[in-house]
Amino acid sequence: METLEILAGPGEAGRLDAWLAQRCPELSRSALQGLMEQGLVTEEGRTVQKKDKVRPGACYRIALPEPQPIEAVPQNIPLTIVYEDADLVVVDKPKGMVVHPAPGNPDGTLVNALLYHCAGQLSGIGGAIRPGIVHRIDKDTSGLLVVAKNDAAHQSLSDQMRVHSIHRVYHAVVYGNLKKEEGFVEAWLGRDPNDRKKMAVRPAEATGARYAYTGWQVLEHLGNFTYIGCRLKTGRTHQIRVHMASIGHPLAGDAVYGPRNCIKALQGQCLHAKELGFVHPATGEWMQFSSPLPPYFTGFLDRLRKEHRA
């Protein structure tokens, strides 16, 4: 079991769990709280509590338990297959489904479903937990993903992602009335220095910051909301959510980057990966697919239209 030792310098103060989270960027605040509850965070042999205050000069020891292995196993979970051949699968992921297993989501994921559907015939480049996964979308984002069945297809699709040649259009509903009919956000993204679970617009020179570009176009003005299409040049974590929030138009339903009183009935951001296009890895043919808006999205649009006309 690995042990971390953190020494509190003179003048350091604050709530212990928050202070340790700042000093240990590899651990989230919630993870540290869990370790404290298990008695794995001590000071001079005494277990500490999350609400304790930092003591200048104290040495805190964090015992890290061995990570539990996660194994992706086939599960008979229904999938919406848009296209499939010997090299790849295009799937329409529902809202609420996680793409691959991770702590907190060990099964019931898209990968578990694909392993069953494809009888384990997926690219091994992503490893045991992410077989075939070329790109991801958030749990509460619905829509199109392409998955590779073999390593050659995976490499080809990854190369297209790297040079930004894959066509990706998302539809979203954002707060506010966008004044222009189209525009773009070009801003570097990286981990939020105050909350490592979130992404944020960061200076280009910040550690870990990556270039990101989101083009947007108004599809419909709906009073206090706007229905938009977003075309991605890059595909960073939470890119559309952070970019639109950074210009004052967060996504409806987004509890992370939107207002505190988010629209809970949406059960997450109103965001759908609607169009996906790429060059087929084996044939060289241009393939393009479109996904219909799911019921949660169309239902919200219908509600906004009625309210807007009233």
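Side notes on the structure shown:
- 10 Å binning of all Cα-Cα separations within the stretch 203-310, expressed as whole percents from 0 upward: 12, 38, 32, 15, 3, 0
- Contact order normalised by residue count of the stretch 52-135, Cα under 8 Å, 6+ apart, percent: 27
- Measuring max minus min along each principal axis, the C-alpha atoms of the stretch 1-143 give extents of 63, 28, 22 Å (largest first).
- Distance histogram in 10 Å bins (all Cα pairs of the stretch 120-258, percent per bin): 12, 36, 34, 15, 3
- Taking all protein chains together and rolling a 1.4 Å probe, E186 ends up with roughly 100 Å² accessible.
- Mean sequence separation of contacting Cα pairs (under 8 Å, at least six apart), scaled by the length of the stretch 81-177, corresponds to a relative contact order of 29 percent.
- Accessible area of Y116 in the full protein assembly, 1.4 Å probe (Å², nearest 10): 120
- When only alpha carbons are used to place a centre, the stretch 253-303 and the stretch 76-131 end up 18 Å from one another.
- Rounded to the nearest 500, the helix-only mean residue ellipticity at 222 nm of the chain stands at -5500 deg cm²/dmol, with each DSSP H run of n ≥ 4 adding -39,500 (n - 2.57).
- Rounded D (µm²/s) - the stretch 1-83, Kirkwood Rh over Cα pairs, Stokes-Einstein at 37 °C, 0.692 mPa s: 224
- Projected area averaged over orientations for the chain, convex hull of C-alpha atoms, nm²: 18.8
- Residues in the chain average 51 Å² of solvent-accessible surface per residue, probe 1.4 Å, ligands and nucleic acids excluded.
- Proximal aspartates and glutamates relative to K274, as straight alpha-carbon distance under 17 Å, when same-chain residues fewer than 8 apart are discounted: D92, D138, D140, E220
- Accessible area (Å², 1.4 Å probe, nearest 10) - K197: 120
- Computed over protein heavy atoms with a 1.4 Å probe, the carbon and sulfur contribution to the accessible area of the stretch 61-215 reaches 50%.
- DSSP beta bridges in the chain [antiparallel fraction, %, rounded to 5]: 95
- Fraction of the pair-distance distribution of the stretch 89-134 above 15 Å, Cα-Cα pairs, percent: 38
- Segments 288-295, 237-244 sorted - mean Cβ within 10 Å per residue, highest first: 237-244, 288-295
The values are calculated or read from the model by the stated rules, or taken from the named source; none is laboratory data. Keep in mind that this is a model prediction, so the values were computed, not measured. When we count neighbours, we look across all protein chains shown, and the Cβ atoms used for this are built from the backbone with ideal geometry, even at glycine. When the accessible area is computed, the model is the full protein with side chains, heavy atoms only, and any ligands, DNA or RNA have been set aside. Shrake-Rupley method; radii C 1.70, N 1.55, O 1.52, S 1.80 Å.
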